[in-house]
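Shown next, in structure tokens, is the structure this report addresses.
Nothing in this text is a laboratory measurement; each read-out follows from the coordinates by a stated rule. Everything quoted here is computed from the prediction, not taken from an experiment. When we count neighbours, we look across all protein chains shown, and the Cβ atoms used for this are built from the backbone with ideal geometry, even at glycine.
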Amino acid sequence: MDTQPAIAVRGVTKRFRLDDGSEFTALDDISLSLAEGEFVTLLGPSGCGKSTILRLVAALEAPSAGTVLVEGKAPAELSRQHRLGVAFQDHALLPWLDVAANIALPFRVAGQKVDEARVAALIRLVGLAGFEKARPRQLSGGMRQRVAIARALVLKPDVLLLDEPFGALDAVTRRQMNIELQRIWTEQRTTTLLVTHDVGEALFLSDRIVVLSGRPGRVVRVVDVPFARPRDPAIMRSALFHEMSDDLTEALAPPAGAP
Amino acid sequence: MKAMTRFFRSSWGILAILLFWQLWVGLSGVNSIVLPSPMGMLRSLAADPALYLSSTAQTVALAALGLVLGVALGTGLAVLTWFSRFLAGLLTPLGIIFASVPVVALIPVLARIFGYDMRTVLAIVVIICFFPAFVFTGAGLRALPPGSADLFRVLGASTWRRLVLLALPAAVPDWAVALRLAAANSILAAMVAEFLMGTSGLGYLFASARSDFDMEKALGASAIATVISVLSFLLASRFEGWAGRNWR
Amino acid sequence: MTEARKTFLLGALGILAFLALWEVAGQGRWLGLSWPPLSAVLALLVDENRQPLFARALGATLSSLGTGYLIGGAGGIAAAALAHLATPLRPGLERTNAFIHAIPSVALAPLLILVVGREGTPATLAALNTFFILYVSTASGLAATPPALKDLVQVLGGGRWTRLRRLDLPMALPTIVSGMRLAAPSALIGVIIGEWFGAPRGVGVLVINAMQNFQIPLLWAAVLLAVLVSLSLFGLFGALHRGVVARLR
């Protein structure tokens, strides 16, 4: 193997112990790998364990069996070196900090000097110029997620982890944010793992889509997305996009006969 | 004119009480030794401002110092329990019990232990302010914005930075609640302690005026204590409101 | 389950450690004679010869507490409901309430002795403290009804009064009960301070007499009695609160 994958998940199983003492298998023998600079989406119905995969890569959980490596190292080592960027569905902005301070937070957490120019550049990149001094509660849901994404990018992380970042937004804002993220990502080209249940979002943003089944989570299909970058929003109206979208929606649906 | 109507809209109750009191004293013709009127009380305040001022200064200084020390100690211990789950589990139920106990009833016990002097008044105020600060700050340090705990773990925050950048700021609204409770109690506790032990300050002024049947002076001391309590309550409420608005 | 049990055991351990420390400090006279060991205080508390004394004191205190608590609580809830129905009265009621609450009980007690007499003062102070807490908690509970439900009652043709009875009050119940719990220790403080101003009997009287006569174990026993009353009330209302929350939410 001449190039090591940016993220390698090998034969990972994850079991949780429930309150009543019984065990629950969330993930069963999952393997996937991301090349450097690749944008991969985990697509699946809710409760399929896709967020658990992301949490394993983020070192927020440990696998029950198998290994997770990021750049050949344990994920916890990367988080210690402040080289992971993350955005959740809960924007997780600190309500007592303004937009600029929230974006600068990872510098302070890492004990580094705040690079004001970098913060200002990111505020411009995510289209929030003029809102530097606003508090999170004064922003709309979409604007909060822009802040969260800028914060995830501020330390130039090796790996960007996005867990349903637009899950709480309405459909129109969500499409707008997809287009924005595509533009932002094309400028940075950071290795990215996105978790979503939205087929259109997955198709428009990713290089590769990993479709998961639910309970326990298993990989059912891997789809390569052929659209060239940078992507024009117009591709969402193309026949190929619709065809792939129907195909993926079907792959997500439970097999006939099941409830 | 607008300001006047606003004042009456919010203060009619207090004005009515004062008016009713003044009229009752005037019409029923009770002796001022039994029940002085609000006007009589004001005359007494004007007659000897130096006496009231020195007593007030002493009580306020003790209450304020006790408030600062008690809240600082309570906050400090809460931060220590934040570092250790064991310590938190051990001390939190004890703190909750003490915070829900009528601590004022402990004043006589503390007076016996520490002796009848000003340091005891201070110790009492410190102890009374300590418990709410400990309980509320302890809860606040763990009331984090949704997702922020995960965020700090992924960002690889050290324990120290998690405390300074996340837990401490997150605790500010709860800490402000504790401060409001403690501020209101600190004046009351200082005054009760001074009253019971007869040391000095407003509580003593009140007790000695009462035993001299100088009710106008006794009520003057009460009125000052009330004004200070109202002011500290308003100040602390304002801080609490500000913290709630800017921290959540 | 196991986590909850661990938390419980650790908390119990902390309380036991405190009680043990109390005993050891008393036995070793670390703080002189003013700090008796727990065992001596408990022995006095269960001493048969002292039972009538404690029973009389406790009876007087509990009756003041009960009277004051009921009157103050009912008044506080009624005033909050009134403020809820008659909006223009609200700022004035709130200001008056905060003002009366801010008057230190010590300062209020002598005035009350003139107005309601020595025996009525403890109950009145308890009533005032309870009134304030229940007013505040009821008002905030009543204000928290979701607007959608208000609209629903309006659409169904319910007036203000119907809405209060059928919607706002039931919705506010958990907040009101949690206010009732907070008010219990506060009412007890009112009773004790009231008793310090010359009530004929009560736990507070016992405390102050023991303090002035250097009856140290008796002082501690009386204070412990007050603490136990407060904790049992707090526990009782805590259980009530859990019950109400479980039924309504």
For this session: Per DSSP H run of n ≥ 4, the term is -39500 (n - 2.57); total these for chain A, divide by its residue number, and report the mean residue ellipticity at 222 nm rounded to 500 deg cm²/dmol.
Result: -10000 deg cm²/dmol
Exercise. Which whole-angstrom value gives the distance between the alpha carbon centres of the stretch C:149-197 and the stretch C:61-103?
Worked result: 10 Å
Exercise. Label 7 Å along Cα→Cβ of B:L80; the stretch B:90-116 residues with amide nitrogen under 12 Å?
Worked result: B:91
Exercise. Among all the aspartates and glutamates, which ones have a C-alpha under 19 Å from B:K2's C-alpha, if same-chain residues fewer than 8 places away are not counted?
Worked result: none
For this session: State the percent of C-alpha pairs, over all pairs in the protein assembly as shown, separated by a distance greater than 39 angstrom.
Result: 50 percent
Seminar exercise, completed: For the stretch A:197-205, in residue order, the Karplus 3J(HN,Hα) values (coefficients 6.51, -1.76, 1.60; θ = phi - 60°; whole Hz; Gly and Pro = x) are 10, 9, 4, x, 4, 4, 5, 5, 9
Exercise. Given only helices, namely DSSP H runs of n ≥ 4 each adding -39500 (n - 2.57), what is the per-residue ellipticity at 222 nm of chain B, to the nearest 500 deg cm²/dmol?
Worked result: -27500 deg cm²/dmol
Problem set entry | MRE, 222 nm, helices only [DSSP H, n ≥ 4, -39500 (n - 2.57), over chain C, to nearest 500] | -27500 deg cm²/dmol
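Please arrange B:S44, A:S46 by how many other C-beta atoms lie within 10 Å of their C-beta, fewest to most. All intermediate terms of the calculation are to be shown ahead of the outcome.
Values: B:S44 23, A:S46 10.
In increasing order of surrounding Cβ atoms, one gets A:S46, B:S44.
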Exercise. Shape of the stretch C:1-64 from its Cα gyration tensor (a ≥ b ≥ c, root eigenvalues): rounded if a/c is under 1.5, otherwise prolate when a/b > b/c, or oblate?
Worked result: oblate
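Rounded to a whole number of µm²/s, how large is the Stokes-Einstein D of the stretch C:91-142 at 20 °C and 1.002 mPa s, given Rh as the Kirkwood radius over C-alpha pairs? Please list the in-between numbers first.
Numbers: Rh = 11.7 Å.
The estimated diffusion coefficient comes to 183 µm²/s.
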Exercise. According to the square roots a ≥ b ≥ c of the eigenvalues of the Cα gyration tensor, what is the shape class of chain C, taking rounded for a/c under 1.5, prolate for a/b larger than b/c otherwise, and oblate for the remainder?
Worked result: oblate
For this session: Taking H placed 1.01 Å from N in the peptide plane, check which residues at least 5 places from A:R221 or on another chain put their amide H under 5 Å from its amide H.
Result: A:V211
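Calculate the FRET efficiency for C:S63 and C:L42 from the Cβ-Cβ distance with a Förster distance of 30 Å, rounded to the nearest 0.05. Don't skip to the end; give the middle numbers.
On the way: r = 25 Å, r/R0 = 0.84.
Between C:S63 and C:L42 the formula returns 0.75.
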Exercise. Considering every residue in C:106-119, what mean count of other chain Cβ atoms within 10 Å of its Cβ is obtained?
Worked result: 4
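Suppose every Lys and Arg Cβ carries +1 and every Asp and Glu Cβ carries -1, with no other charges. What dipole size does chain C come out with about its Cα centre, to the nearest 20 debye? Write out the running numbers ahead of the final one.
Numbers: 18 positive and 9 negative charges, 149 e Å.
Here the size comes out at about 720 debye.
Assuming R0 = 41 Å, what is the FRET efficiency of A:D115 and C:A12, from their Cβ-Cβ distance, to the nearest 0.05? List each step's numbers first, then the result.
Numbers: r = 51 Å, r/R0 = 1.25.
Approximately 0.20, to the nearest 0.05.
Determine the shielding of peptide C:190-199 by partner chains: average, over its residues, the number of Cβ atoms on other chains within 10 angstrom of each Cβ.
On the way: counts 2, 2, 6, 7, 0, 0, 7, 2, 0, 0.
Per residue, the number of nearby Cβ atoms from other chains is 3 on average.
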Exercise. How large is the convex hull of the Cα atoms of chain A per residue, expressed in Å³ as a whole number?
Worked result: 154 Å³
Problem set entry | Peptide C:91-100, shielding by other chains (average Cβ, 10 Å cutoff) | 6
For this session: Note down the relative contact order for the stretch C:37-248 as a percent, whole number, built from C-alpha pairs under 8 angstrom at least six residues apart.
Result: 28 percent
